[in-house]
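Take a look at the structure below.
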Amino acid sequence: MASSEGFLTEEQRKTLKVASQNVESLSLSSSPKSPTYLLSEYSIKAPPAGGGGGKAASAGIAVKHVRRSHSGKCVRVKKDGAGGKGTWGKLLDTDGESHLDRNDPNYDSGEEPYQLVGTSVSDPLDDYKKAVASIIEEYFSNGDVELAASDLRELGSSGYLPYFIKRLVSMAMDRHDKEKEMASVLLSALYADVISPDQIQDGFFMLLESADDLAVDILDAVDILALFLARAVVDDIIPPAFLNRAKKGLPESSKGVQAIQIADKSYLSAPHHAELVERKWGGSTHITVEEVKKKIADLLREYVESGDTIEACRCIRELGVSFFHHEVVKRALVLAMEKRTAEPLIFKLLKEAAEEGLISSSQMVKGFSRLADSLDDLALDIPSAKTLFQSLVPKAVSEGWLDASFAKPSGEDGEVPDDAKVRRFKEECVTIIHEYFLSDDIPELIQSLVDLGVPEYNPIFLKKLITLAMDRKNREKEMASVLLSSLHSEIFSSDDIANGFLLLLESAEDAALDILDASNELALFLARAVIDDVLVPHNLEEMSCKLPPDSSGSETLRMARALLSARHAGERILRCWGGGTGWAVEDAKDKILKLLEEYESGGVVGEACQCIRDLGMPFFNHEVVKKALVMAMEKKNDRILDLLQECFTEGLITINQMTKGFTRIKDGLDDLALDIPNAEEKFNFYLEHAQKKGWLLPSFGSSAPDASLTQAAAS
């Protein structure tokens, strides 16, 4: 019986078999083509039926789309050959969901589905902060400075070193005094060796910027940060001028500005502030000068024996007295003169120290200068000392570690061209000043200066006087100020005084290397000179114009102005070194009161003026003005105004002293009104009279307390 549908030929069966095999292999290799899609590429058609029958009803239809059920009906299957009654399901169909078996020998990890996992990108700065926190914690535990420095070098990232400073100080601020002291010691050890000076300043500026945040967590953060600042200045790792520069970069109301003000006024402006600051946290870095000299002598002797330059430089650095390195230079040169075979080694050490920046140029010059000044004494032990020294200087200059200006014949300070003459004058000055400090004989000193016969060198004498006094006790400082007043009235002109102080201000940085609180001492001398009418405020303005704005001299001038603008500045500055001319200020007030009472009761103007002159305290004449005005109010006797007029006309009471006296009355009007009801009315009358007579500075009259004095000091 003929079938209505054809059968597959042998060739078609082979084709179908090959297609099925390809489908299986491609399926296992994750081909993007589905098995059913591959089968569809092969159009397998049934051939026409044999015999006399026509074409089958389904002829030309692909075999894969035809299924014959047991009932003989033709069933259309679903897409991909799946489903349908009487079908076996689609090719490669399974009963459950397919999954990969990792235990299967044919398991391929590449067939696992991909999964994107999010991860955070690490910040290099955060990593650095964590690393330095660990270094700091370890340092606080073991106190090993060398290990901390080594760890910091190995960490690298030198651009982040300001963050290390900020982290170190902020961690120490919240701990005991021991850790605060350790932090300061570590900063000094790392300075210039591991951390550059600019990075030190950047780190402290970051601390000042974050002072408000630190104050939230640390109760006395401002005071502690101020002490860290002061300690950094004392340790010479940040310059004093940094404080002013940093203040300009901070909001005026910030805690950082408060910290700067406390550091400047409470710590750095106090007498002997360096020693006080160093010992604030119980530090033990302070050693006496004699101990330092002994250590220098020992390390130089060991160096000559061993020849180890690196070790010698390390020992010099560990001394921690950069302001005293001129002693290293001087002793090294003396050793080279004593042991001629040691000269090459000494020169090698000094050259290495200069190139490393261990010994500054100014300290090097200072060491050579000190040796030059002591050649006469040295010649007693080394007869050829002068000849040897003259041979050492050109070598040092030619090798580049001694400033060439030292070898010039223009005088070591550049005051005059005749070097030999200046040197002799300085030697004579030192002798005269030492004798004065012992005898307190001002007339004898003045006569000695006159005998020298070189009035053009008066500024040099003033510089030498103040320099020697700054490095001595308060007694000698007071004697120097008293001497200046006498010299001004006898043989020194105002220009001599002003030029002498200008020389001091120009060399303020060098003085600070030798005298730890030189800037503060010099500011007091300047302020005292103004109070004593040896200088006038205008002199300060002239000096300021001749100095670089960011120099130590300019900073010293600003300190002097601040001292002068303070309330009751005259009395405070007068007592800064223990008081005036040998008798108490209270005694001076009693004498002033008595001479005014005598004059008011019928005395002679000339006699009263002579009594004021005999007081010998021109810097305290504002007290005469004050007591005279009070007496005029109490006695209702305006005759005292005639005395003030005479004193002003003679120049006995200057316009500055007159203004100061009126200012003090103005400030105390409220208290005066309790005893003198019409005090304000009388004062206004006296004020109008004084202004008509020209007694007062034009700036007088501001509503602020001491405004005239402040303005005068600022000008």
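Only the coordinates and a few stated rules stand behind these numbers; no lab work does. Owing to the predicted nature of the structure, the values given are computational and were not obtained by experimental measurement. Cβ sites come from the backbone with ideal geometry, for glycine too, and all protein chains shown count toward neighbours.
Points worth noting:
- Among the lysines of region 168-316, pairs that are 8 or more positions apart or on different chains and have alpha carbons within less than 24 Å of each other number 11.
- Spacing of the two label points (7 Å from each Cα toward its C-beta) at I382 and E154, in nm: 4.5 nm
- Counted charge near L378, where neighbours are those whose Cβ lies closer than 13 Å (Asp, Glu -1; Lys, Arg +1): -1
- The protection proxy used here, the mean number of other Cβ atoms lying within 10 Å of each residue, ranks peptides 548-558, 634-644 as follows, highest first: 548-558, 634-644.
- Within region 370-388, backbone nitrogen closer than 17 Å to the virtual label 7 Å beyond the Cα of V292 toward Cβ: 370-371
- Applying 0.36 nm per residue to the separation of S254 and K130 and subtracting their alpha-carbon distance, the gain on full extension is 41.8 nm.
- Each of the peptides 495-504, 435-444 was scored by the mean count of other Cβ atoms within 10 Å over its residues; in descending order, highest first, they stand as 495-504, 435-444.
- A Förster radius of 51 Å combined with the Cβ-Cβ distance from S196 to Y107 puts the calculated FRET efficiency at roughly 0.30.
- If the chain linking R279 and S141 were pulled fully straight, counting 0.36 nm for each residue of separation and taking away their Cα-Cα distance, it would gain 47.5 nm.
- Label-to-label distance, nm, for residues given as E302 and Q390 (7 Å Cα→Cβ offset): 3.8 nm
- Each of D670 and D440 was given a label point 7 Å from its Cα along the Cα-to-Cβ line. The distance between the two points is 4.1 nm.
- Cα-Cα over 26 Å, subset of K627/K693; K366/K395; K166/K366; K366/K473: K166/K366
- Judged by the mean number of other Cβ atoms found within 10 Å, the most tightly packed of the peptides 386-395, 349-358 leads the ranking 349-358, 386-395.
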